[in-house]
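Reviewing the structure listed below.
The values are calculated or read from the model by the stated rules, or taken from the named source; none is laboratory data. Source: prediction; values computed, not measured. Cβ: placed from backbone, ideal geometry, glycine included. Neighbour counts: every protein chain shown.
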Amino acid sequence: MIVVHRAGELRPARRSAAIGTFDGVHLGHLRVLEAARAAHLRPAVVTFDPHPRAVLGGGVELLTTTQRRLELLGEAGVEDVVLLRFDEELARLTPEAFAESVLRAAGIEVVAAGETFRFGRGRAGDLDLLQRLGFDVRRVPLVENVSSSHIRGLLATGDVEHAARVLGRPAEVEGTVVAGDRRGKALGFPTANLEVPADLLVPLDGVYAGAALGHPAAVSIGTNPHYGGRERRVEAYVLDVDADLYGERLVIQLWERLRDQASFASEAELVAAIADDVARTRAAEPPL
């Protein structure tokens with residue numbers, strides 16, 4: 001997959017493009033991508049970084065990092081991505097200027113997007129305008145209860161199983177492995193402590209069964225109340241993996257929420273609880 005930051009950087013080709021933010025690359029997004037591929041031109045995506053809401057106000061907790069979003073788009077069969085920096089200058093472009101300087105400049109003839117898609121200054125542009133400008137427009141109906149906002153709500157309650165059905169894949173959290181307190185190693189369960197990007201959504205506190213590096217992983221999200229912690233952390237005990245992961249990027253799937261975080265009467269009770277979490281994690285299966 002080729003990723004550029006300006007439409008003119010792509011080699012000349014006749015393209016069909018899906019347009020949107022594609023945060024999470026969920027089932028609704030996949031329908032838009034399928035509509036673009038169905039045109040039988042070179043499939044492309046026009047998307048934005050940072051998320052427009054982060055620039056225009058209101059803020060947003062992201063479901064995926066930009067790197068992960070690009071990986072998922074590649075897995076969906078996209079060949080070219082125009083990753084536009086969304087800033088005030090881009091936001092000021094009229095819809096007509098956006099269509100010419102981005103879409104036409106990238107050789108895009110077919111545009112696929114959700115039927116409510118809006119673009120350009122003041123969100124004044126829509127699919128009708130693109131059709132009047134000569135583009136072949138493929139309107140993709142919205143899927144009920146399939147949206148990035150809905151998935152954010154599910155993850156905020158820890159409902160990773162329902163979120164997986166909307167995503168079409170397991171929910172994830174990712175970050176860079178950094179040094180922790182090393183308590184897990186002392187207890188016999190060495191964990192990878194993740195530094196998660198500040199704008200990435202982290203699901204409800206609790207203990208989850210999931211997977212990382214192709215192995216089951218027991219994942220703790222929260223402040224570690226047994227030790228009176230205050231800092232919210234994501235820690236993963238990746239089963240059957242003995243490797244130095246410091247500095248590595250780690251993407252963790254979350255399959256099932258096992259329990260709330262808790263404080264125990266003794267360290268022996270804590271170890272027994274973790275051992276039970278590990279056993280349940282080993283027996284867990286992906287939600288899809």
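What to note about this one:
- Conditions (1) surrounded by fewer than 14 Cβ atoms within 10 Å (Cβ to Cβ); (2) of a type in the set (Gly, Ala, Ser); (3) over 26 Å from residue 164 (Cβ atoms); number of the one not met by residue 180: (1)
- Those residues of the range 72-96 which are touching a strand residue (DSSP E or B) at 6+ places or on another chain (Cβ under 9 Å), closer than 25 Å to residue 28 by Cβ and of a type in the set (D, E, K, R), in sequence order: 79, 80, 85
- Residue count for the range 122-150, restricted to those that are crowded, with 17+ Cβ neighbours inside 10 Å and polar (S, T, N, Q): 2
- Residue-level check: of (1) in contact with a helix residue (DSSP H, G or I) (Cβ under 6 Å, 6 or more places away or on another chain); (2) at pLDDT 95 or above; (3) in a loop (DSSP other than H, G, I, E, B), residue 207 misses just (3).
- Boolean, residue 261 is outside the structural domain of residue 67 (by TED's automatic domain parsing), polar (S, T, N, Q) and assigned to a loop (DSSP other than H, G, I, E, B): yes
- The set of residues from the range 151-164 being farther than 18 Å from residue 288 by Cα and surrounded by fewer than 18 Cβ atoms within 10 Å (Cβ to Cβ) comprises 153, 156, 157.
- Some residue of the range 197-217 being farther than 26 Å from residue 148 by Cβ, out of contact with any Leu (no Cβ under 7 Å at 6 or more places or on another chain) and touching a residue at least 60 places away in the same chain (Cβ under 8 Å): no
- Hits in the range 76-108 (condition: closer than 20 Å to residue 10 by Cα, of a type outside the set (Val, Ile, Thr) and in a helix (DSSP H, G or I)): 90, 97, 98, 99, 100, 101, 103, 104, 105, 106
- Residue that is of a type in the set (S, T, N, Q) and out of contact with any Asp or Glu (no Cβ under 8 Å at 6 or more places or on another chain), where the choices are 157, 176, 191: 157
- Looking only at the range 135-191, and only at residues there that are charged (D, E, K, R) and assigned to a loop (DSSP other than H, G, I, E, B), the one that is farthest from residue 62 (Cα to Cα): 182
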